[in-house]
Amino acid sequence: MTAGRWVQVVGIKSVARLRMPALARWITPHFWWPDRQGEPHLYLTFDDGPIPEVTPWVLETLQTYQAQATFFCVGENVERHRVIFERLLEEGHRVGHHTEHHLNGWKTTPETYFANADLAAEKVGTTLFRPPYGRITPHQAAVLSRKYRIVLWDLVTGDYNAELDPQDIIQTVLKKTKSGDILVFHDSVKAWPNLRVVLPAILENFSKRGFQFRSIPS
């Protein structure tokens, strides 16, 4: 079973089922997973931006906690909001790409998917890649892993889901997160109502517990 299929199995409508099964780290040879060794640390990642309505606020919040993060940017958003994108780089964050048009790999031909990924990678200037929705076929993953470091996650916060209460998200993330985990947030309009509550609370809690916030290595 591919990592993308695990995402489908795990589901994202219930806060009780946001964590990727541990087995996923062992059955996904084309994906990068971090080492959990060393001081307590987390990898904060943000998908779908940059956008003016949310991304600048995210950057200010991260700066408050001296937190580094990785932003998996949609290529067309980088083109539209180049100034915000440049700010990501200036403030020391890592960037990856999320295809040019946020494509679902399961519903896209390999040729179209590869071309879309390459276009975004060129605009973003990165070798880090996260497939939108985590949906990528084994063939797509095998080909793209030859030139990109493909990064999924351990826990998706569900910040974009309007059916989830932000306080429930916070409590679930605090309960289920382990040192070395990759967490997924979204700097998107859809996620904003939850993100503005969830992100500061999570940063505050883990900061007090001595966690470092690291970016994904390129």
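Starting from the Cα gyration tensor of segment 45-90, take the square roots of the eigenvalues, sort them a ≥ b ≥ c, and report rounded, prolate or oblate (rounded when a/c is under 1.5, otherwise prolate if a/b is larger than b/c, else oblate). If you can, show how the numbers build up before the last one.
Numbers: a/c = 1.93, a/b = 1.69, b/c = 1.14.
In terms of gyration-tensor shape, prolate.
Output wanted: per-residue J couplings in Hz (rounded whole) for segment 184-191, from phi through Karplus 6.51 cos²θ - 1.76 cosθ + 1.60, θ = phi - 60°, x for Gly and Pro.
For segment 184-191, the Karplus-derived couplings read 10, 10, 9, 8, 9, 4, 4, 7 Hz, x marking Gly and Pro.
In the chain, once you exclude exposed GluC sites (Glu not before Pro) (DSSP loop, at most 14 other Cβ within 10 angstrom), what's the longest stretch remaining?
Details: sites that count: GLU53, GLU91, GLU163.
Longest stretch, sites excluded: 92-162.
Neighbour counts of other C-beta atoms within 10 Å: give me THR109, THR55 arranged from fewest to most.
Working: THR109 10, THR55 23.
The order, fewest Cβ neighbours first, is THR109, THR55.
Taking Rg and Dmax of the Cα atoms in Å as the quantity of interest, determine which of (1) 36.3, 139; (2) 16.1, 44; (3) 16.0, 47 was computed from the displayed structure.
It is the value labelled (3).
How much of the pair distance distribution for segment 103-189 lies past 19 Å, counting alpha-carbon pairs only, in percent?
Numbers: 1849 of 3741 pairs.
Taking all Cα-Cα pairs of segment 103-189, the fraction more than 19 Å apart is 49 percent.
Rounded to two decimals, what ratio of Rg to Rh does segment 84-143 give with C-alpha atoms and a Kirkwood Rh? Spell out each step's value before the answer.
Numbers: Rg = 12.2 Å, Rh = 12.0 Å.
Ratio of gyration radius to Kirkwood radius for segment 84-143: 1.02.
Divide by every residue of the chain the summed helix terms, -39500 (n - 2.57) for each DSSP H run of at least 4, and state the resulting mean residue ellipticity at 222 nm, rounded to the nearest 500 deg cm²/dmol.
Numbers: 8 runs with 83 residues, N = 218.
That comes out to -11500 deg cm²/dmol.
So for the pair ARG146, PHE114, with labels modelled 7 Å out along Cα→Cβ, what separation do we get in nm?
Roughly 0.7 nm, to one decimal.
Based on the Kirkwood radius over alpha-carbon pairs, what is the Stokes-Einstein translational diffusion coefficient of segment 63-115 at 37 °C with 0.692 mPa s viscosity, in µm²/s? Working shown, then result.
Numbers: Rh = 12.5 Å.
Answer from the Stokes-Einstein relation: 263 µm²/s.
By how many nm would the segment from GLU86 to GLN37 lengthen if fully extended, with 0.36 nm per residue of separation less the alpha-carbon distance?
14.4 nm
Of the cross-linked pairs LYS123/LYS175; LYS123/LYS208; LYS123/LYS147; LYS123/LYS190; LYS107/LYS147; LYS123/LYS178, which ones have a Cα-Cα span greater than 26 Å in the structure shown?
Details: LYS123/LYS175 37 Å; LYS123/LYS208 37 Å; LYS123/LYS147 15 Å; LYS123/LYS190 24 Å; LYS107/LYS147 22 Å; LYS123/LYS178 33 Å.
Result: LYS123/LYS175; LYS123/LYS208; LYS123/LYS178 exceed 26 Å.
Using Cβ contacts closer than 10 Å as the measure, can you line up SER188, SER179 from fewest to most?
Details: SER188 21, SER179 15.
Fewest-to-most ranking of SER188, SER179: SER179, SER188.
We did not get these values from a lab; they are worked out from the coordinates using the rules stated. Not measured: the values here are computed from a predicted model. With ideal geometry, Cβ positions are generated from the backbone for all residues, glycine too; neighbour counts draw on all protein chains shown.
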